[in-house]
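Below is one structure, written out as structure tokens, with a few remarks after it.
The values are calculated or read from the model by the stated rules, or taken from the named source; none is laboratory data. Predicted model, so just to flag it, every value in this text is computed and none were measured. Glycine also receives a Cβ, built like all others from the backbone with ideal geometry; neighbour counts cover every protein chain displayed. Accessible surface is based on the protein model in full, side chains and every heavy atom, while ligands, DNA and RNA are left aside. Shrake-Rupley method; radii C 1.70, N 1.55, O 1.52, S 1.80 Å.
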Amino acid sequence: LGILGAGRWGTALAVAATRAGTEVCLQARDPALVAALARGAHPAFPGVILPSLTATTGILSEIDAVVLAVPSQVAGGVLTAAVLPPGIPVLSAAKGIDLATGEVIATTLARLRADHPIAVLSGPTFASEVVRALPTACVIAAEDLSLAQRLAACFGSTSFRPYASADVIGVGICGAVKNVLAIACGIAAGRGLGDNAGAALITRGLAELARLTVAAGGQVDTAMGLAGLGDLVLTGSSPQSRNFSFGVALGQGGPPTSPPGATVEGIATARAAAALAERLRIDAPIVAAVDQVVHHGAGVEAAIAALLARPLRADGWRVGA
């Protein structure tokens, strides 16, 4: 298994695969990081002793599959530039929507490298907990379910449990949009709106997630599973989540810009998800509110007031609910 990207998430996936008995090689840009990984260390995980990991600054060769563990907006460029053995599967661990095309990342990758089967990994997975062998479950999706199952076997262990799915589109939509909803949850927390508001945002956010998933061609079961509900609960309630923490800062009066040195995927995705909802004619008021605050200068108080002033309606996730 080759892994493009030796950051927090790429390294965590390398650790998970190594624990499962899979041979792994990471591609890193920094020779010092290559040496640190061989010693079982990574600067992103101070004090954590990792399994000794093989890494290189050169081309990955003699691999049977590759994992793309880079931010979503650079995933296409990284994969296009990668030198890979012919036809091997590509497993994308990026969560986002391509800003240029409005596609989920897996669709963009499949178009760029049509000679490689594309799979996607998503779900409630903080890297810091994966490397510490805390129990974690995720979902791996590929149009060919048997491929998803084979890739799941590369990672499955007593501490890391991947479930297989054939819903590539649904997993991609959930992995992207939950980051936007987590920003909304963080805003509510930063504003001191209470636990009731947080629970309501997760629940009504899940309804938006389900509508968008189904309208885009995914399955509602995916929205109710690890890629949807599971990841939304995690990223919408924990300070470990960059999206939630960014939302908290917004709620406390901070600027709508990404903190230095941190990738907050929900910032870019808010614009793409709002545009997707508009194109699919799906009611997604929470997603739209985050987009207005982050990209169009709307005030937090005004956005909250607009959400609370919406007409009362029936409970449920379907269009019009």
Open item on the list: Among the residues of the range 300-311, are any open to solvent by 10 Å² or more (accessible area, probe 1.4 Å), basic (Lys, Arg) and part of a helix (DSSP H, G or I)?
Closed with: no
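I want to confirm something. Restricting to the range 275-299 and keeping residues that are outside any loop (DSSP other than H, G, I, E, B) and free of Cβ contacts under 8 Å to residues at least 24 places away in the same chain, which single residue is nearest to ILE105 (Cα to Cα)?
Selected residue: GLU278.
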Task: Those residues of the range 191-227 which are over 25 Å from ARG279 (Cβ atoms) and acidic (Asp, Glu), in sequence order - done: ASP195
Open item on the list: What are the pairs with Cβ atoms under 7 angstrom where one residue, in the range 53-68, is closer than 16 Å to ILE118 by Cβ and the other, located anywhere, is among the acidic types (Asp, Glu) and open to solvent by 10 Å² or more (accessible area, probe 1.4 Å)? Sequence gap at least six, or different chains.
Closed with: none
TODO: Please enumerate the residues belonging to the range 39-66 that are among the β-branched types (Val, Ile, Thr) and either part of a helix (DSSP H, G or I) or over 15 Å from ALA14 (Cα atoms) (or both).
DONE: THR57, ILE59
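Restricting attention to the range 67-111, and to residues there that are part of a helix (DSSP H, G or I) and open to solvent by less than 20 Å² (accessible area, probe 1.4 Å), which single residue is modelled with the lowest pLDDT? Break it down stepwise before answering.
Our first condition is that a residue be part of a helix (DSSP H, G or I); within the range 67-111, this holds for 72-81, 105-111.
Restricting the remaining residues to those that are open to solvent by less than 20 Å² (accessible area, probe 1.4 Å) gives 72, 75-76, 79, 105-106, 108-109.
Working: SER72: 84, ALA75: 90, GLY76: 90, LEU79: 92, ILE105: 91, ALA106: 93, THR108: 92, LEU109: 94.
It comes out as SER72.
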Open item on the list: Within the range 180-199, take every residue that is open to solvent by 50 Å² or more (accessible area, probe 1.4 Å) and among the small types (Gly, Ala, Ser) and give me the one that is nearest to PHE244 (Cα to Cα).
Closed with: ALA189
Open item on the list: Let me spell it out: the conditions are (1) in contact (Cβ under 8 Å) with a residue 60 or more places away in the chain; (2) within 21 Å of VAL66 (Cβ to Cβ); (3) not in a helix (DSSP H, G or I), and LEU193 meets all of them except one. Which number is the exception?
Closed with: (2)
